[in-house]
1. Based on the Cβ-Cβ distance of Thr57 and Thr112, what FRET efficiency does E = 1/(1 + (r/R0)^6) give at R0 = 25 Å, to the nearest 0.05?
2. How large is the helix-only mean residue ellipticity at 222 nm for the chain, computed as the sum of -39500 (n - 2.57) over DSSP H runs with n ≥ 4, divided by its residue count, in deg cm²/dmol to the nearest 500?
3. Would you kindly work out the equivalent ellipsoid of region 30-97 from its C-alpha gyration tensor and give its semi-axes, the square roots of five times the eigenvalues, largest first in whole Å?
4. What's the Kirkwood radius of region 1-65 in Å, using all Cα pairs?
5. Please give the charge dipole size of region 1-86, origin at the Cα centre, charges +1 on K and R Cβ atoms and -1 on D and E Cβ atoms. Round to the nearest 20 debye.
6. Counting only protein heavy atoms and a 1.4 Å probe, tell me what percentage of region 1-62's accessible area is made up of carbon and sulfur.
7. Starting from the Cα of Ala40, step 7 Å toward the Cβ, then list every residue of region 1-16 with an amide N under 20 Å from that point.
8. Identify which of Leu11, Leu80, Leu47 has the largest mean-square fluctuation in a Gaussian network model of the chain, with springs joining Cα atoms closer than 10 Å.
Amino acid sequence: QVQLVESGGGLVQPGGSLRVSCAASGSIFSTHAMGWHRQAPGKQRELVATITRGGSTNYADSVKGRFTISRDNTKNTVYLQMNSLKPEDTGVYYCNAHSQFNSYWGQGTQVTVSS
């Protein structure tokens, strides 16, 4: 059974930093690209960043230069380092594993940027 478990969310002040993590079970980490999406209240879920098995990355324009996605293949874990956080970064952050055949989602972790 595939499991994606996010952790590391919380409350942070504007301008602060936070790192969220996603631990993947099974063999999907070696066969799937990984990504982070987020959903703000009343808005659709949107792509934040993705990373391929080879380490190539892609970012939404709104987070370029502030967020960094990385993966540790020895720990089956993907990270999202978020710096210079803004109130508009608030939302539930979801981990995603995807291939041409399927896609899996975690339960999400809440990130709130507020003073």
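The values are calculated or read from the model by the stated rules, or taken from the named source; none is laboratory data. Predicted model only: the values in this text are computed from it and were never measured. Because the Cβ atoms are built from the backbone with ideal geometry, glycine has one as well, and the counts that use them run over all protein chains shown. Only protein heavy atoms, including side chains, enter the accessible area calculation; ligands, DNA and RNA are left aside. Shrake-Rupley method; radii C 1.70, N 1.55, O 1.52, S 1.80 Å.
1. The calculated FRET efficiency here is 0.50.
2. Numbers: 1 runs with 4 residues, N = 115.
Per the formula, -500 deg cm²/dmol.
3. Output for region 30-97: semi-axes of 21, 13, 10 Å.
4. Working: mean 1/r = 0.0730 Å⁻¹.
After inverting the pairwise mean of 1/r, the radius is 13.7 Å.
5. Details: 10 positive and 4 negative charges, 25 e Å.
The dipole magnitude comes to about 120 debye.
6. Heavy-atom surface of region 1-62 belonging to carbon and sulfur, 1.4 Å probe: 46 percent.
7. 9-16
8. The residue with the greatest mean-square fluctuation here is Leu11.
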